Structure formats: C-alpha cells, structure tokens
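The values are calculated or read from the model by the stated rules, or taken from the named source; none is laboratory data. Bear in mind the structure is a predicted one, so any value in this text is a computation, not a measurement. Reconstructed Cβ throughout: ideal geometry from the backbone, glycine too, with neighbour counts over all protein chains shown.
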Amino acid sequence: MPANVSGRAYALTALSPIREGWTSDGIAYADVVRDRLQGWNTEPNSPMTGVPNTYLCRFFVLDDVYHQSLPGAGVLDTLSDLLPVLPNALRKSVLPAEDHLKSRYLVFSSELHGGVDGDVDAYLRGMWGAIESRIREVWGWCHGFEQVTDGAGFAAYIRKCQLPAALFFNGSNDDPLAEQLKALYLKQEFTRFAVDSQGLDAATLRRRMAEFMQRVDPPNIAGPTWSPGRYRL
Amino acid sequence: MTKQLDLLDIQGNLVRAYGRFGYPLARYVFLAVHHPAAGRALVGDLTRYVTGSLDWGTDPGQMPRPDWTLNLAFTYPGLAQLGLPTASLMSFSPEFAAGMRERRDILGDTGSSAPQHWDPIWRKHRDTQDVHVFVSLNAVSPEALAKGYTKLQSIVETYGDGAQILGGNVGDDGELLDYQDAHALVENGQVVAKEHFGYTDGISDPVFEGMPPSAQSTKGRGKPMPGSTWAPLATGEFLLGHPDEAHEYPPGPKPGLLARNGSYLIYRKLHQNVGTFEAYLEQQGRAYPGGKELLAAKFAGRWRDNGAPLARAPDAASKQRFDAEFSAALKAGDMAKVDDLLSDFDYNQDMSGAKCPFSAHIRRCNPRGSLQMIHEPGDLPGSLKQSVDAFDTPGALSNRRRMLRRGLPYGQVKDRSRDDGNHGIVIMLVNADINRQFEFVQQQWMNYGNDFKAGNDKDILLGNHSEDPTQPSKAVLQTDPAGHDAPHFLPRIPRFVETRGGDYFFVPSLTALRMIAAGVIDPT
C-alpha cells in the first residue's frame, strides 16, 4: 500500500515552518497563527467547507517535539542497566540526547477524495481559489510562502512541505464525494417524505411520490444536493 | 454468588429499592450546613440512624425490619463545607465536583428542562444557596414517615444556626415545601408499581456480586452471557473499592476508606406531561395497526398493565398467553416465576427490532447484548443480526453502562388532560462512575440514537424531544424485514418528561460517614 493512500482517500500532511519574530503587539507570529485558527472555531462553519473534495482536515501549530527521557531498548542501554560495573560516564553517554525542532510549524492535514489517481495539485489549486485570504492569514508568516502568488504556487509550496502519511483514519467510503453528498440529501429528504406520507391512500401516495422524485431528481448528482458544511435539512 | 460484602458498612439504598420491599412512602430532605464543626457533629448524629444493607428478619445475619429507613448523601459543596481536605475533594470525579446543573448540555437538560424551570431549591443550588446533605427517608406507613421526619427535624434543630433544612421543593398547587415527598401509586386500595403514564415500573434492576441473599435472580438483570445465560455484574460497577467489569478498581476519592463501599447517586426530579402523553398516544393510537395499548407498549418496551416485555409478548395473541401464565404464577405465589416472566429475556431473537423497537425506553436503557449488531451484504434489507466475532461476550458494549434505579413517583394526577399538575418521578441512579454510566446513557442512548442505528432519534418516552417545530423529533417502530408490513413512524414526538431539578451526590459507607463526622479524612 503506497503511503498517503487508502482506497480512494488521500491523506495530505504538510508541515510549514513559521518564521521567528513577532508582531508590533509583541505576539509571536506562531501564536498569532494559533489564535486565528482557534478563531475559526467560533465561525458558523469552518472555512474548509468551501474547499471542494475535503473529507476531514485539521490544522494546528506544532511548537516542538516531546522528549522521552528514559533510555530506549538499545543494546548499550540494556547492558548498562545489567552491568552496574560499567563506568558512570559510559552510562550517561547512552542516554538519548534531547532533540528539538528548529522552528515552530503550521501543520495542515487533509483527507481528500483522490486516491492513487487523485489530483492533489488540483485540490490545492481549488483550495487557493476558494479561500485564498484565509490561506494567507495562516500561512503568511511561513518560510518560503512569500514566493506563493497563485494556486499553482500554493500547490508547489505545499508539496515541498509534504510528509508521507503511512497510516491514517479513512473516514469515508470510496464513492465520489459528489455522490455521497447526493445520497445524504436523498436520505434526509426521503425520510421526511416517508414520515409525512404515512397513512395516505395508494393513489395519493403514488402522485406525491412522483412529485417527490421530480423535485429531488435522484440521477442528477449536480443538484439538488447537500451542501458541504450543512447540518440538517 | 460467592463474594461476601460487608453489608453492615454499605448504605441500604445502594443494595435495594425500598419501594419494592414494603416501603411505599419516601421523603427526600435537603440540608445546608452553615458551620463545618456543627455539620460534622450533625453527620455523626444522623449516622447512628443510617440503615445498612443487611437483609431483614430474625435469622442470624439479619436485622429487624425498621419502620422507617434513613440514608445520607452529600454534594461536592457539602463535602467541602464539612471540611474534607482539598486533596480529598480534588480526588472526586470532575463531573461530581461540577454538579448536574453545569453538565446540563451533556444531559440534554435544555429548553423546558433547563435549570430556570427547576424547583427553587435546585435553582438556588450551586448559585446562591447550596444543598449540602441529602437525607433520604423511606417508610412503611404515614405514621412511620412522620416519626422519621420528626426525629430528623429534632436532630437538626439541636444545631441551631449551624445547619438547616432547606425549603423550595414545589408541592401540589405550587406551594414550597421543606421536603420532596414521593410515594408508590395506589390503585383500588392496593399499592402498585406504576408511574403516572400508566406503566409498570421498577423491573429488572441490576444484580451484582455480593448482593444480600434476598436480591433477585440474575436472569435478565445481570450481564448476558453466551447461550442466553446470565451472570451477576462485577461489584465495582456499583460500589467503589471493588473490582469492576474491567477487573480494575473504579477511580474513587482518596483515601481508600473514603471511597470503599460508597457510590455516586444521581437525583433527578422528572415532571411528567401527562396531558401531552395522553393526547399523543390517543392520536397516534388511532392510526396504529395493533391499537393504542400495543402502541403504548412500543413506547416503553413493556405493556403498561403488567410490564410484559415486548420481547416475549410482541402482539395481542402472545400477550394473552403471557397474561395467562403470569396470572397463574401470581395466584400460586410463585414470585420467582413472575420475576422470570418479566425479566428473563434478551433481544437475540429480535435483532431487527420488530418486537421491541430500537427507540423503546427499556431497549435504550439496557440493550441486553443487542448492540453488537451487523448487516452483511446479502442479508435481507433492513435486517440486523448478532455479531458474534467482534466482542468477547454478548454484553461487552452494555455491561459497563448499567445503573441501579431507586426512587418513586411523586404527586397525583387530578386531570389527565393537563400537563401542569404536580406529578412525576423522583429517579435516583446509583453507579460507580457518573460519566461512564449515567452521563453516557443519558447523552448517547436517551437523547441520541446512533448506537441503535437510529440516527438522531431519541428514547420515545424519556428523550428531550425537539421543541422546534421545523426540526421535529421522530421515531421508527421497526417491523419484520421478512414480512410485508411497513415500518411505522411516530412523527413530531413532544417532550413527555421534563427535568425539575437534582444534582450528583456521593453516598459514603458507614465507615466513611463516621470518619467524616470525626473530621479524620486524611488523603496523605
């Protein structure tokens, strides 16, 4: 199984380093980014509902990696535990050194409908086209982002920041997103229709069903359908 | 059962519902402690009257049956006021510390169930006047209840302004009382186990390891095992300080002696909209094939008159057969048989909900091993069957969501066409973990339907049905997937039950009560 792919789902993971420095208010750029992302929670819907083909996505600011200080299971660690006669300097030298990230990062992970044949670049161009100003407000202080001027540039930039996702939660089946949205719409509409039609005589039911089918137009994936980000009918 | 519990140490209301043991009357009294030292001394005095869990009788290991029983419980502010050390207070569960009012969004106590509609005593609690101590009295007769209450009043009075009985419980005609009374309903001069909608209540209380010998059979009450057999649930699901179903000790307050043999109790006063219920049942019953009483049974999962479970008696014909067996057993005094008829069943032969709907109250509260359902390609459309490979035991998804039920109806229905009378149920639920047991069931199974493949649909009887006419609640009454009947929809279900107050309480063991009174709780 190639990385980033599970069925037709594609897991895009990008880490973009945020420049050190602070605003005129004395707030670090990374903290402003986090603040803006947390502000998205208070909006009626995430800006990402405007990005076609997005299943699940997540943003966060990564400050640093966690350090696990206890010795690992390497041979020298084990030996040094088992043989207390080893000199202390040797014991200390096998403890893992602390690793730190050189920057704070903006992490963007998105699960999109694409799969092996999927066009991630088209997705990213679509994202730029839909929410350019929101992209700028969170990526604006990232290293290298100053070169991004259009959708193609954004796609190339994100590809440079991309890390492979070996295992990920696939929150959807493999049907095209447009079909899933239509199915969701039909299910909601039909449930309401079934409840409202209970007890009707056969002739009336047949007539109402015909009207219903014409209105919801099942074979037409383009519409009417469920809009992304909608909670209920 | 081989496990032995220290029944003298465990408060009696944890192991038995007094209402089923000849105590048809209850009075729930709430105290505020104004001076910690006075409060501790008061707890010491009251503890001498606390009823334990021994069986009643004259055999060795039994105690004489009291005319009235007394049990004590505390809110988080109450324990703080009694001077428990901060480290002990912090070791109680966060939801207990927060209290039921703060958890209202999780519990669905919104709209007409929101705190602004609660009785004054509960509106003020966690705001301007906290409830600290809950004294629960149960009695065999009005005279016995009066005796118990007078005794309580006289003890509290000795503490002057150190402690007081709180008023603000709404009674008949809206007057405010110093207590919440509750009582078994009476029909034709007989005490019956019914509630105000007409359902027989209080059936199938859980059975756990170590319960006193008088406890009822595990069939239908314990945890479901393969082969439609039953075993008692682990003690630690209901009592702190004992291993639970995960073979761990449930998280509990520190020190260990504070937690051991204690539990958490959730008190909820639930108003019943009798008029709305009658009108909806009448209206929907007219359209329902099978008629009004079968429809009422579909709401609950049991027939109203005698509690016959739909899983055994899904239609009029099988109900008749059930009734014959049931009456014969009653007449013969064979209470074990009566019990089995009511409780010994599961949903293994009803995995598609044709007998007992997925949104029926008893199926939502206790799915009895039926949540492990699966539909595979090729199965009849709409049908579900048991998934035997996915889990260890049939009850894996529900064994840790059980609760003991205590409490009684309150008030009287004078006019069945109205909602605004004083009538409802005081329900008390006992569990070791408020969040895992009560709050989970309330949020996921009462007010939501995903685990039952029922989307957003709520428990028909108890759900906090939508008060927004543009987004009405509904339920589906399933039918046999192999048959030709269409499923029946219940449209625009109104809210039948509304919350009028309550909180989360801690019920200590007698050892812990004595230690609290002595001020020697020490978590270090």
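Among the candidates B:Phe322, B:Phe358, single out the residue that is crowded, with 20+ Cβ neighbours inside 10 Å and among the hydrophobic types (A, V, I, L, M, F, W, C).
B:Phe358
Which of the residues belonging to segment B:155-208 are closer than 30 Å to B:Lys298 by Cα and charged (D, E, K, R)?
If the condition is that a residue be closer than 30 Å to B:Lys298 by Cα and charged (D, E, K, R), then B:Glu187, B:Lys194, B:Glu195, B:Asp201, B:Asp205 are the ones that fit.
Test of understanding: among B:Thr524, B:Thr499, which residue is among the hydroxyl-bearing types (Ser, Thr, Tyr) and more than 20 Å from the chain's Cα centre (by Cα)?
Sole residue among the options that is among the hydroxyl-bearing types (Ser, Thr, Tyr) and more than 20 Å from the chain's Cα centre (by Cα): B:Thr524.
For segment B:172-181, which positions are in contact (Cβ under 8 Å) with a residue 12 or more places away in the chain and touching a strand residue (DSSP E or B) at 6+ places or on another chain (Cβ under 7 Å)?
Matches in segment B:172-181: B:Asp172, B:Leu176, B:Asp178, B:Tyr179, B:Gln180, B:Asp181.
Restricting attention to segment B:431-466, which residues are within 14 Å of chain A (Cβ to nearest Cβ) and of a type in the set (A, V, I, L, M)?
Passing the criteria: only B:Ala454.
Within segment B:210-237, which residues are more than 19 Å from the chain's Cα centre (by Cα) and either under 19 Å from B:Phe391 (Cβ atoms) or at pLDDT 95 or above (or both)?
Of everything in segment B:210-237, those that are more than 19 Å from the chain's Cα centre (by Cα) and either under 19 Å from B:Phe391 (Cβ atoms) or at pLDDT 95 or above (or both) turn out to be B:Pro224, B:Met225, B:Pro226, B:Gly227, B:Ser228, B:Thr229, B:Trp230, B:Ala231.
Select from segment B:99-142 the residues that are surrounded by 15 or more Cβ atoms within 10 Å (Cβ to Cβ), hydroxyl-bearing (Ser, Thr, Tyr) and farther than 23 Å from B:Gly78 by Cβ and list them in ascending order.
B:Ser112, B:Ser113
Residue-wise test of (1) within 14 Å of another protein chain (Cβ to nearest Cβ); (2) charged (D, E, K, R); (3) more than 30 Å from B:Glu498 (Cα to Cα).
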position: B:Thr235; (1), (2), (3): no, no, yes
position: B:Lys254; (1), (2), (3): no, yes, yes
position: B:Gly262; (1), (2), (3): no, no, no
position: B:Phe277; (1), (2), (3): no, no, no
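If you check A:Ser103 against the conditions, is it more than 15 Å from the chain's Cα centre (by Cα), at pLDDT below 90, hydroxyl-bearing (Ser, Thr, Tyr) and over 24 Å from A:Asn41 (Cα atoms)?
no
Please work out which one of (1) in contact with a helix residue (DSSP H, G or I) (Cβ under 6 Å, 6 or more places away or on another chain); (2) modelled with pLDDT under 95; (3) surrounded by 19 or more Cβ atoms within 10 Å (Cβ to Cβ) is the condition A:Glu111 fails and give its number.
(1)
Hey, among the residues in segment B:295-306 that are part of a helix (DSSP H, G or I) and in contact with a Phe, Trp or Tyr (Cβ under 7 Å, 6 or more places away or on another chain), which one's surrounded by the fewest Cβ atoms within 10 Å (Cβ to Cβ)?
B:Leu295
Only one of A:Ala122, A:Ala178, A:Ala155 is modelled with pLDDT under 95, of a type in the set (A, V, I, L, M, F, W, C) and over 25 Å from A:Arg232 (Cα atoms); which?
Step by step, each of A:Ala122, A:Ala178, A:Ala155 is checked, and only A:Ala122 is modelled with pLDDT under 95, of a type in the set (A, V, I, L, M, F, W, C) and over 25 Å from A:Arg232 (Cα atoms).
Checking B:Cys365 against (1) surrounded by fewer than 18 Cβ atoms within 10 Å (Cβ to Cβ); (2) closer than 20 Å to B:Leu477 by Cα, which single condition isn't satisfied?
Going through (1) surrounded by fewer than 18 Cβ atoms within 10 Å (Cβ to Cβ); (2) closer than 20 Å to B:Leu477 by Cα one by one, B:Cys365 breaks only (1).
Of all residues in segment A:171-189, how many are within 23 Å of B:Gln471 (Cα to Cα) and surrounded by fewer than 14 Cβ atoms within 10 Å (Cβ to Cβ)?
Residues in segment A:171-189 being within 23 Å of B:Gln471 (Cα to Cα) and surrounded by fewer than 14 Cβ atoms within 10 Å (Cβ to Cβ): 2 in total.
Look through segment B:467-490, keep the residues that are in contact with a Lys or Arg (Cβ under 8 Å, 6 or more places away or on another chain), assigned to a loop (DSSP other than H, G, I, E, B) and at pLDDT 95 or above, and return whichever of them is nearest to the other protein chains (Cβ to nearest Cβ).
In this case the residue turns out to be B:Lys474.
Which members of segment B:491-524 meet the condition of being in contact (Cβ under 8 Å) with a residue 12 or more places away in the chain, in a loop (DSSP other than H, G, I, E, B) and over 28 Å from B:Phe438 (Cβ atoms)?
Listed by number, the residues that qualify are B:Pro491, B:Arg492, B:Gly519, B:Asp522, B:Thr524.
Kindly indicate whether any position in segment A:55-63 is of a type in the set (A, V, I, L, M), under 20 Å from A:Cys161 (Cα atoms) and exposed (fewer than 11 other Cβ atoms within 10 Å of the Cβ).
Looking through segment A:55-63, none of the residues is of a type in the set (A, V, I, L, M), under 20 Å from A:Cys161 (Cα atoms) and exposed (fewer than 11 other Cβ atoms within 10 Å of the Cβ).
Output the helices (runs of 4 or more DSSP H) that fall wholly within segment B:58-171 and possess 1 or more residues being within 25 Å of B:Asp6 (Cα to Cα) and in contact (Cβ under 8 Å) with a residue 60 or more places away in the chain, or say none.
Where helices (runs of 4 or more DSSP H) fall fully within segment B:58-171 and carry at least 1 residues being within 25 Å of B:Asp6 (Cα to Cα) and in contact (Cβ under 8 Å) with a residue 60 or more places away in the chain, they are B:76-81, B:86-90.
Can you tell me which residues in segment B:491-511 are under 14 Å from B:Phe277 (Cα atoms) and either within 14 Å of chain A (Cβ to nearest Cβ) or among the β-branched types (Val, Ile, Thr) (or both)?
Those that are under 14 Å from B:Phe277 (Cα atoms) and either within 14 Å of chain A (Cβ to nearest Cβ) or among the β-branched types (Val, Ile, Thr) (or both): B:Pro491, B:Arg492, B:Ile493, B:Val497.
Within segment A:224-232, does at least one residue satisfy the condition of being closer than 30 Å to B:Leu477 by Cβ, surrounded by 13 or more Cβ atoms within 10 Å (Cβ to Cβ) and aromatic (Phe, Trp, Tyr)?
Yes, segment A:224-232 contains at least one residue that is closer than 30 Å to B:Leu477 by Cβ, surrounded by 13 or more Cβ atoms within 10 Å (Cβ to Cβ) and aromatic (Phe, Trp, Tyr).
For segment A:175-186, does any single residue satisfy the condition of being farther than 23 Å from A:Met48 by Cα and outside the structural domain of A:Arg19 (by TED's automatic domain parsing)?
Scanning segment A:175-186, I find at least one residue that is farther than 23 Å from A:Met48 by Cα and outside the structural domain of A:Arg19 (by TED's automatic domain parsing), so the answer is yes.
crowded, with 22+ Cβ neighbours inside 10 Å and assigned to a loop (DSSP other than H, G, I, E, B): does that describe B:Ile460?
Taking the combined requirement at face value, the residue satisfies it.
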